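Peer 1: Once you've had a glance at the structure underneath, I'll fire off some questions.
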Amino acid sequence: MKRLRILLADDHIVVRTGLRALLERQANLEVVGESENGRQTVELAASLGPDVVVMDVAMPVLNGIEATKTIVTQRPATAVVILSMHADESYVMRALKAGARGYLLKDSAAADLISAIQAVSQNKSFFSPKVSRILAEDYVRVLKQKGAVDSYDLLTSREREILQLLAEGKANKEVATALNISPYTVETHRRHILEKLNLHNPAELTLYAVRKGIIS
Amino acid sequence: MTEKEPGAQVAFQVQSRSRLGSRAVLLAGFGALLILMAIICIDSLHTLGEFQTANTQIRQDFLYREHTLEQVRTGLYESGNIVRDYILIESDPDAQMILRTEFQTIHNETTATLNACIQSLPTSKREPFQHLAVELENYWSTIGPIFALGAKEKKELGNSVLRGDVLSQHAKILKITKEVRAVNNDELNEAERKTSEVFAQFRRRLLMVATIAFSSGLILAASTIMYVGRLENSLEKKYEESLQAQRELKELSKRLVDAEERERRAISRELHDEVGQSLSALLLEVENLTEMSTEDSVFRQGLQKIKTLAENCVNEVRNMALLLRPSMLDDLGLVPALEWQAREVSKRTGMLVDTVEENVSDNLPEEHKTCVYRIVQEALNNCSKHAYAKNVRVTVRQEPNHLCVSIEDDGKGFDPSRVRGLGLVGMNERVSQLGGVLKVDSDPTRGTRLRVDLPLRSASIDSGELSA
């Protein structure tokens, strides 16, 4: 099995050292480079072509989220896992919009990082359980306070199926193959789902799925 | 400060006393001027009245005397005629009788008029008139006996009497009348001369008093203008001073706010970056140790404890840092920070906070971001603490040249004209530092609406980017 090539981006050398020690114990992982700011990360990502970038949010020169945006545009094959201190929706939302596929909290990085890297390398989303829990809790609380009906109930079972596949990071074509329907039908379903849930882009869709506990 | 106060108070008292003094002087000056003018008026009116009376009197006296003289002369001529007629009439006792009576009447009336006139004159002026009276009496006594003559004697004597005595008497009296008339004329002239002299005197007096009044008025006006000018100057100086003090105070409070914000950010960053990251590294190391460790359960338990402690610590540090200054404000921008705040407040208080944004840019000037964030923070605090609101809507809208923020709640509003505090003063301070306007629209029946309008100048955007 091919080893996954990993780029570590964090401005704190102690954190990088810790992460490297953690990852190098895995036989199928290989740390190919380290960077200490956003711009350097973008440059290394371009020259090294890693499979996964483990990215800190708060970095000098260019922050992790901006760096993610650039890397995802330049090299769609590279997956980005964000490492952050914050479990708040603002950060998660920004990270997802920028194109990150995984979002981990630093205090649980040690436990979840390996699984996260493996998940994103297979084009799946991954969130720290704590992040999922907080997002879900917030969502339920707002629903309660507003006394609103859960819009998830409005979806048909086929739409729910498609929502889950899309949220896992699958493209329309993959979903079509999986469900044995036409990609155009998938696109129609996708549009209906976004309309019913009042969502506007793939990032919001993923965030919604995390809140609902459809993916973790 | 307290030591200085008594001195300042004394100075103030002295100043106010001197101001009171000059005010009294001015008041007295104006009062005196007014009194002087009133006196001039009354005096002039009175004098003019007297002139009029005196003039009329002089004219009346003159005319009266003239009239008397005229009557004397008329009496004289008429009596002459009567005597002539009497002598010429031969023998008609009735006609003689009538003439005699007429003569007697003329005699009586003339004498009475003259005597009355003499009586009305002051003693010093009676002399020419008395002379006239004596001559007139001689005349009467010369003519009187003619009427007692018989027809014969009358014929003999008549012509001679007429030609001689009567005519000479006549001429004499006429001469005296002329003299008296001249005297009377002189007297009139004299009186008029005196009158005009008094009038000239009055004019001189009026001129003098008017000059005095005018010049003292001039002095008074000049000193008043000077006094007012001095007051205005000192007022302007005071005003300048107070403006300066206000400016300084504003500058000071701005620097205070800035310093506080800077300090908070520094501490927050330090906590987040240094302490937080070190703890994260610690956690990673512990994890590595745990994986490398043997099956020694005591050792593993110890590591687990360290891990838990470190995790708690990370949470603690993160919360402290966020409370001081949310990293979102610097990392993600205003809107994500406001949304985070809304969620945190909702979580903490159960109040539903809705955030609406309309094309707010990610790189607003640093000062604007902080200002809006802190105002919303304070407002939300008020909404939950004082207004007991259930729903709050925070709206941020960016327009080409300004940033509009509104915070509306459905709580129990207040009367903005009476209630100060609630951090409104601080908010106002922050807003006015950026040249903006804060409006509070509240009513006990329909909650509170806070609106902030911040101008966005290209200059402020530049400075914001520099300081960020």
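The values are calculated or read from the model by the stated rules, or taken from the named source; none is laboratory data. Being a predicted model, the structure only gives us computed values, none of them experimental. Glycine also receives a Cβ, built like all others from the backbone with ideal geometry; neighbour counts cover every protein chain displayed.
Peer 1: Select from region A:158-180 the residues that are surrounded by 15 or more Cβ atoms within 10 Å (Cβ to Cβ) and aliphatic (A, V, I, L, M) and list them in ascending order.
Peer 2: Selection gives A:ILE162, A:LEU163, A:LEU165, A:LEU166, A:ALA167, A:VAL175, A:ALA176, A:LEU179.
Peer 1: Specify the residue that is nearest to the other protein chains (Cβ to nearest Cβ); the eligible residues are those in region A:112-133 that are crowded, with 24+ Cβ neighbours inside 10 Å and touching a helix residue (DSSP H, G or I) at 6+ places or on another chain (Cβ under 7 Å).
Peer 2: Step by step, filter region A:112-133, then rank; the result is A:LEU113.
Peer 1: Can you tell me which residue in region A:141-157 is nearest to the other protein chains (Cβ to nearest Cβ), limited to those that are assigned to a helix (DSSP H, G or I) and loosely packed, with under 13 Cβ neighbours inside 10 Å?
Peer 2: So the residue we want is A:LYS146.
Peer 1: Any chance region B:179-196 includes a residue that's loosely packed, with under 14 Cβ neighbours inside 10 Å, farther than 25 Å from B:THR74 by Cα and at pLDDT below 85?
Peer 2: Taking every residue of region B:179-196 in turn, none turns out to be loosely packed, with under 14 Cβ neighbours inside 10 Å, farther than 25 Å from B:THR74 by Cα and at pLDDT below 85.
Peer 1: Now, a different point. Residue check: is A:SER108 small (Gly, Ala, Ser), surrounded by fewer than 24 Cβ atoms within 10 Å (Cβ to Cβ), touching a Ser or Thr at 6+ places or on another chain (Cβ under 7 Å) and more than 20 Å from A:GLU168 (Cα to Cα)?
Peer 2: Against the criterion (small (Gly, Ala, Ser), surrounded by fewer than 24 Cβ atoms within 10 Å (Cβ to Cβ), touching a Ser or Thr at 6+ places or on another chain (Cβ under 7 Å) and more than 20 Å from A:GLU168 (Cα to Cα)), A:SER108 qualifies.
Peer 1: Quick check: is even one residue across region B:384-394 in contact (Cβ under 8 Å) with a residue 60 or more places away in the chain and in a loop (DSSP other than H, G, I, E, B)?
Peer 2: Looking for residues that are in contact (Cβ under 8 Å) with a residue 60 or more places away in the chain and in a loop (DSSP other than H, G, I, E, B), one finds at least one in region B:384-394, hence yes.
Peer 1: When you check A:ASP138 against the structure, is it more than 19 Å from B:LYS347 (Cβ to Cβ), assigned to a helix (DSSP H, G or I) and either of a type outside the set (Lys, Arg) or in the same structural domain as A:MET93 (by TED's automatic domain parsing) (or both), yes or no?
Peer 2: Considered against the rule, which asks whether it is more than 19 Å from B:LYS347 (Cβ to Cβ), assigned to a helix (DSSP H, G or I) and either of a type outside the set (Lys, Arg) or in the same structural domain as A:MET93 (by TED's automatic domain parsing) (or both), A:ASP138 comes out as no.
Peer 1: Tell me, which helices (runs of 4 or more DSSP H) lie completely within region A:1-90 with 3 or more residues that are within 14 Å of another protein chain (Cβ to nearest Cβ)?
Peer 2: Fully inside region A:1-90 and qualifying: A:13-24, A:64-74.
Peer 1: Out of (1) within 13 Å of the chain's Cα centre (by Cα); (2) more than 30 Å from B:LEU289 (Cβ to Cβ); (3) of a type outside the set (S, T, N, Q), what's the single condition that is false for A:ARG101?
Peer 2: Of everything listed in (1) within 13 Å of the chain's Cα centre (by Cα); (2) more than 30 Å from B:LEU289 (Cβ to Cβ); (3) of a type outside the set (S, T, N, Q), A:ARG101 misses just condition (2).
Peer 1: In this structure, does B:GLU344 turn out to be within 59 Å of the chain's Cα centre (by Cα) and either outside any helix (DSSP H, G or I) or within 9 Å of chain A (Cβ to nearest Cβ) (or both)?
Peer 2: Considered against the rule, which asks whether it is within 59 Å of the chain's Cα centre (by Cα) and either outside any helix (DSSP H, G or I) or within 9 Å of chain A (Cβ to nearest Cβ) (or both), B:GLU344 comes out as no.
Peer 1: Right, another one. Among the residues that make up region A:200-210, is at least one of them at positive phi, of a type in the set (S, T, N, Q) and not in a helix (DSSP H, G or I)?
Peer 2: no
Peer 1: Let me ask something else. Tell me, yes or no, whether region B:124-140 has at least one residue that is surrounded by 12 or more Cβ atoms within 10 Å (Cβ to Cβ) and touching a His at 6+ places or on another chain (Cβ under 6 Å).
Peer 2: yes
Yes/no per residue for (1) modelled with pLDDT of 80 or more; (2) of a type outside the set (D, E, K, R); (3) closer than 28 Å to A:VAL120 by Cβ:
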| position | (1), (2), (3) |
| --- | --- |
| A:LEU143 | no, yes, no |
| A:ASP153 | no, no, no |
| A:GLN164 | yes, yes, yes |
| A:ASN172 | yes, yes, yes |
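Peer 1: Then there is this: Output the residue which, of all residues in region A:54-76 that are buried (at least 18 other Cβ atoms within 10 Å of the Cβ) and within 17 Å of B:HIS272 (Cα to Cα), is farthest from the chain's Cα centre (by Cα).
Peer 2: For region A:54-76, the residue satisfying everything is A:MET59.
Peer 1: Tell me, which residue of region B:347-367 that is part of a helix (DSSP H, G or I) and surrounded by fewer than 21 Cβ atoms within 10 Å (Cβ to Cβ) is nearest to the other protein chains (Cβ to nearest Cβ)?
Peer 2: Once the filter is applied, the top-ranked residue is B:LYS347.
Peer 1: Select from region A:91-111 the residues that are within 11 Å of chain B (Cβ to nearest Cβ) and charged (D, E, K, R) and write down the one among them that is farthest from A:ASP11 (Cα to Cα).
Peer 2: Here the answer is A:LYS97.
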